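Colleague: Mind having a look at this structure? Questions to follow.
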Amino acid sequence: MELLKRYKHSYIMLAPYLLLFVFFTVLPVVLSFMLSFTHFNLLEFPTWIGWQNYARLLLSDDVFLIAIKNTFLFAAITGPISYIACFVFAWLINELSPKTRAVMTLVFYAPSISGNIYFIWQIIFSGDSYGYANGFLMKTGIILEPIQWLQDPEYTLTIIMIVQLWLSLGTSFLAFIAGLQSIDRTLFEAGAVDGVRNRWQELWYITLPSMRPQLLFGAVIQITASFAVADVAVSLAGFPSVDYSAHTIVTHLMDYGSIRFEMGYASSIATVLFFIMLGSNLITQKLLRKVGE
């Protein structure tokens, strides 16, 4: 109680955020977890069915297994590449003059905040001869007939990965720029005295350890974006996509939650996704602790 009285002003300042966090983040997660053990269709009161939703999800739902495969493949490729790209571009841009750095930051960040961004890629990968990709390949003689890029399961997931990578220089990129700007320059002078001889040693022993908070934040953002992909898939490949070639866990959740209104089953999908993200974040934290060792 004495500690509470001593820091009462701090708790009062934190109260608005904590209330919003509890009511709009913690409470929905808890309710979703509880609903995952029920049959709930928004019209009738939830009825307890135990583990039936999870048994159905993991043993009987073939489409969910496709979604799991697509999501993990997508996350395994785009997650690390986009994370490394965010840092590399931020590191290179940080070496520029202030004015040039500001312009280049805007150029790289712009795609993630642009409106109607998928329209550009729909034109590029249009299935007729007017699409830029088909037009170029036909003009150079590589193909004779237009390819249905966004309707062919062979190409759909790859195109979505490309678009997602193009969009990946967002919040993590800005966090890395801010982290690089906040590094104490005297650390590099001290490192030179202690035997740091080149830029790669500076990067590993000084830059990265000094940016651990930003690196962790960027990892959380990139993991979330990789596992929660849905808008790109729906906008480019449709919903549902041909042969579920672009189906992900989130689009599966959208199917049962916002179309079929099987909220209990949708909650079980959301719970599985939550624990996948949580496990990925814990693994990433352990890996980032080794940076600079």
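Colleague: Quick check, is Ser112 under 30 Å from Trp200 (Cα atoms), surrounded by 17 or more Cβ atoms within 10 Å (Cβ to Cβ) and modelled with pLDDT under 85?
Modeller: Here the answer is yes, as Ser112 does meet what is asked.
Residues are listed down the side, and each one gets a yes or a no for (1) out of contact with any helix residue (DSSP H, G or I) (no Cβ under 7 Å at 6 or more places or on another chain); (2) buried (at least 16 other Cβ atoms within 10 Å of the Cβ):
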position	(1), (2)
Ala76	yes, no
Tyr83	no, yes
Phe87	no, yes
Val103	yes, no
Gly127	yes, yes
Tyr132	no, no
Phe136	yes, no
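Colleague: Does region 133-147 include one or more residues that are within 24 Å of the chain's Cα centre (by Cα) and closer than 21 Å to Ser241 by Cβ?
Modeller: Taking every residue of region 133-147 in turn, none turns out to be within 24 Å of the chain's Cα centre (by Cα) and closer than 21 Å to Ser241 by Cβ.
Colleague: From (1) buried (at least 17 other Cβ atoms within 10 Å of the Cβ); (2) touching a Leu at 6+ places or on another chain (Cβ under 9 Å), pick out the condition that doesn't hold for Gly170.
Modeller: So the condition that Gly170 fails would be (2).
Colleague: Kindly indicate which of Thr207, Thr158 is assigned to a helix (DSSP H, G or I), of a type in the set (S, T, N, Q) and surrounded by 15 or more Cβ atoms within 10 Å (Cβ to Cβ).
Modeller: Within the list Thr207, Thr158, the selection yields Thr207.
Colleague: So which residues in region 1-53 are among the small types (Gly, Ala, Ser) and either at pLDDT 90 or above or in a loop (DSSP other than H, G, I, E, B) (or both), if there are any at all?
Modeller: Ser32, Ser36, Gly50
Colleague: Of all residues in region 85-100, count the ones that are of a type outside the set (Gly, Ala, Ser) and either on the phi > 0 side of the Ramachandran plot or free of Cβ contacts under 8 Å to residues at least 24 places away in the same chain (or both).
Modeller: Residues in region 85-100 being of a type outside the set (Gly, Ala, Ser) and either on the phi > 0 side of the Ramachandran plot or free of Cβ contacts under 8 Å to residues at least 24 places away in the same chain (or both): 7 in total.
Colleague: Still on this model: Identify all residues within region 161-171 that are aliphatic (A, V, I, L, M) and outside any loop (DSSP other than H, G, I, E, B); write none if there are none.
Modeller: Within region 161-171, Met161, Ile162, Val163, Leu165, Leu167 qualify.
Okay, residues lined up against (1) at pLDDT 80 or above; (2) over 30 Å from Thr248 (Cα atoms):
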| site | (1), (2) |
| --- | --- |
| Met161 | yes, no |
| Ser168 | no, no |
| Gln181 | yes, yes |
| Val196 | no, yes |
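Colleague: Would you check which residues across region 259-286 are out of contact with any helix residue (DSSP H, G or I) (no Cβ under 6 Å at 6 or more places or on another chain) and outside any helix (DSSP H, G or I) and list them?
Modeller: Arg260, Phe261
Colleague: Same structure again: Search region 189-202 for residues being among the hydrophobic types (A, V, I, L, M, F, W, C) and exposed (fewer than 15 other Cβ atoms within 10 Å of the Cβ), and hand back the single one that is farthest from Ser112 (Cα to Cα).
Modeller: Once the filter is applied, the top-ranked residue is Val193.
Colleague: Scan region 101-127 and report the pairs whose first residue is in a helix (DSSP H, G or I) and whose second residue is modelled with pLDDT of 75 or more and of a type in the set (Ser, Thr, Tyr), with Cβ atoms within less than 7 Å and a gap of 6+ or a chain change.
Modeller: Going by the 7 Å Cβ cut-off, the qualifying pairs are Tyr118/Ser235; Ile123/Tyr132; Ile124/Tyr132.
The values are calculated or read from the model by the stated rules, or taken from the named source; none is laboratory data. If you're wondering where the values come from, they're calculated on a predicted model, not measured in any experiment. All Cβ positions, glycine included, derive from the backbone under ideal geometry; neighbour counts span all protein chains shown.
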